[in-house]
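Read the structure below first, then the notes.
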Amino acid sequence: MVWPTEFDKKLDEYDAMDLPGQQLPAAQARSPLDHVLNLDVSSPAACQRLTGIIATMGKSTKDIDVMEKMMSAGMNIALLNLCFGTKEEHVETIKTLRQAAKNYSIKMGKVYPLAIAARLPGRKIRTGSIADSYGETVELIAGEVVRLTTDETYKDRCSTYTVYVDFMHFAEQMSKGNYVLLDNETIQLKVEMISSTTLTCKIERGGLLGSYKDVFVPNVTFEMPNYTENDKMYIEMAVRNQLDILVASFVNSANAITELRHLMGDKGKKIAIVANIQTIEGFRNFDDILSISNGIMVTRQELGSDITPKKLIIAQKNMIARANKANIPVCVSAHLLSSMRYNETPLRSELCDITNCILDGADALVLSAETAVGRYPVATVSCMATICKEAEACLWTKQIFEDFIDTTPLPCDQTTGTALAAVMAAQRSLAAAIVVVTSSGNSAQVVAKYRPRCPIIAVTRYAAIARQLHLWRGIIPLVYEAEPAIDWHQDLESRVNFCIKWAMEQGFIRIGDPIVLVAGWRQGSGFTNTMRIIYATADMAN
């Protein structure tokens, strides 16, 4: 979830009876057919977006002004893809992002909790560099033969005849008849002969191959370390710079997450670990991975190759549902707005794909090359934000809420019981927002599980907690910086008024709107047991 942006409309632009984004006849439907039949194409979208946007940094986003504009357009989490660039470049990007967030905070008048994530290279296998004599690319022609070699003498002189692969045990773990996919499946090779360091392959689908392109072998799990020395260097960098989120690539088992926690040590224990599911092995072990991860990323590029494209949609829906049930945030990556890498207008099919990801239950969506090296990074984020709001209005939240109630174990704890009551109260009162006063962020996360239609404003004193809350759908994290009052109830009232005043300034709460308040009976984490409905007053705006 993101803060209000300059592109969002304000509630006071609508008549008092208008409730943008609610689609009330559809929301209160009694059957799936009735829900769809009552969707109104003329109904305006909500003022606030609920789905998070993760944008990958790259050469298109190096300028601090572009970073600020991306935050203004709706970027929640800035992602560094450590497969590209040097360690020094990434450290510089982290510094620039933090300065951009500081500048944007001054502009907004409040601390903007931009989260910074890094994606480890992991088990990613890549080709070498194209020889200078060939230029930037070589053409591999269908029907001809090419050799894939681990001989390092070819590392910087790949050609139409020989392509270097950077995994030294590649040839010995392959079999005749295996398929090798290069550069996001652009090129397909079939293995015909194998020697100690070299595979002789027939080119079944040709194309232009550039330097350092990805290599993927469907249905083959390579015996290789979970984390290379290069990964360990970047893990140390993430811990030293205290990033908010670390994405572990090619996670095939829970052991990979356990090992990463060990490598991060005590100094990295507050960094959230997101497991990137990219293979059929990771899908098979999904529940074990889910049980010890802080989040899940579903990368459809490699997963679609491994599980076959025609089964990808089933895998996506199944994993998102399991993550939703466990209340672990899940994001979807790859091919969301690929056309906007070169064009300012997206394809209609991409908009439908984004909508389906949201209807499936994704908490956040990941923009990759579209922002990292695309021509229109700010416009891409803005486009994503707009379609998210339209898609969220189509969610049948009444049924989602009932489904999650049915799967909630009995007896539930006091935080879960309070969250259930809050979401039900918000549904029935048509609340403009749910305000959650939280220390650890846990209460807001539990409320988010039950998918209210309105935003959840989570107010906390801890900026690190606020930044990580961007992973959960529907949560607007807000940092409260004032000194604690001696009296707990007075401190609670000050924080609630702080939230409501800010929300009224941003235009998504009006005087008279109902607000559901979730808080604890005493100070500290683990005491959430109170839900009440209050109404925004003119005094709160002052």
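The values are calculated or read from the model by the stated rules, or taken from the named source; none is laboratory data. Quick caveat, the model's predicted, so the values are computed rather than measured. No Cβ is skipped: glycine too gets one built from the backbone with ideal geometry, and neighbour counts run over all protein chains shown. Heads up: the accessible areas ignore ligands, DNA and RNA and are worked out on the full protein's heavy atoms, side chains in. Shrake-Rupley method; radii C 1.70, N 1.55, O 1.52, S 1.80 Å.
What the table shows:
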item	result
Pairs where the first residue, in segment 216-241, is surrounded by fewer than 20 Cβ atoms within 10 Å (Cβ to Cβ) and the second is of a type in the set (Lys, Arg) and part of a loop (DSSP other than H, G, I, E, B), C-beta under 8 Å, 6+ apart	Phe222/Arg123; Met224/Arg123
Residue that is least open to solvent (accessible area, probe 1.4 Å), among those in segment 303-354 that are farther than 24 Å from Asn219 by Cβ and charged (D, E, K, R)	Glu350
Residue tally, condition in contact with a Lys or Arg (Cβ under 9 Å, 6 or more places away or on another chain), among the small types (Gly, Ala, Ser) and open to solvent by 60 Å² or more (accessible area, probe 1.4 Å), over segment 8-60	1
Boolean, Thr279 is open to solvent by 10 Å² or more (accessible area, probe 1.4 Å) and farther than 22 Å from Leu365 by Cβ	no
Residue within segment 142-159 that is of a type outside the set (Asp, Glu), part of a helix (DSSP H, G or I) and open to solvent by 60 Å² or more (accessible area, probe 1.4 Å) present	yes
Leading residue by the ranking (farthest from Val66 (Cα to Cα)) among those in segment 105-117 that are under 23 Å from the mean Cα position of the chain (by Cα) and surrounded by fewer than 20 Cβ atoms within 10 Å (Cβ to Cβ)	Val111
Segment 166-180 - residue that is in a loop (DSSP other than H, G, I, E, B) and within 14 Å of Glu192 (Cα to Cα) and, of those, farthest from the chain's Cα centre (by Cα)	Lys176
Test result for Leu82, within 30 Å of Ala118 (Cβ to Cβ) and touching a residue at least 12 places away in the same chain (Cβ under 8 Å)	yes
Subset tally (residues that are of a type in the set (A, V, I, L, M, F, W, C) and open to solvent by 10 Å² or more (accessible area, probe 1.4 Å)) for segment 61-87	4
Helices (runs of 4 or more DSSP H) wholly inside segment 430-542 containing at least 2 residues that are among the small types (Gly, Ala, Ser) and under 27 Å from Ala272 (Cβ atoms)	442-449, 463-468
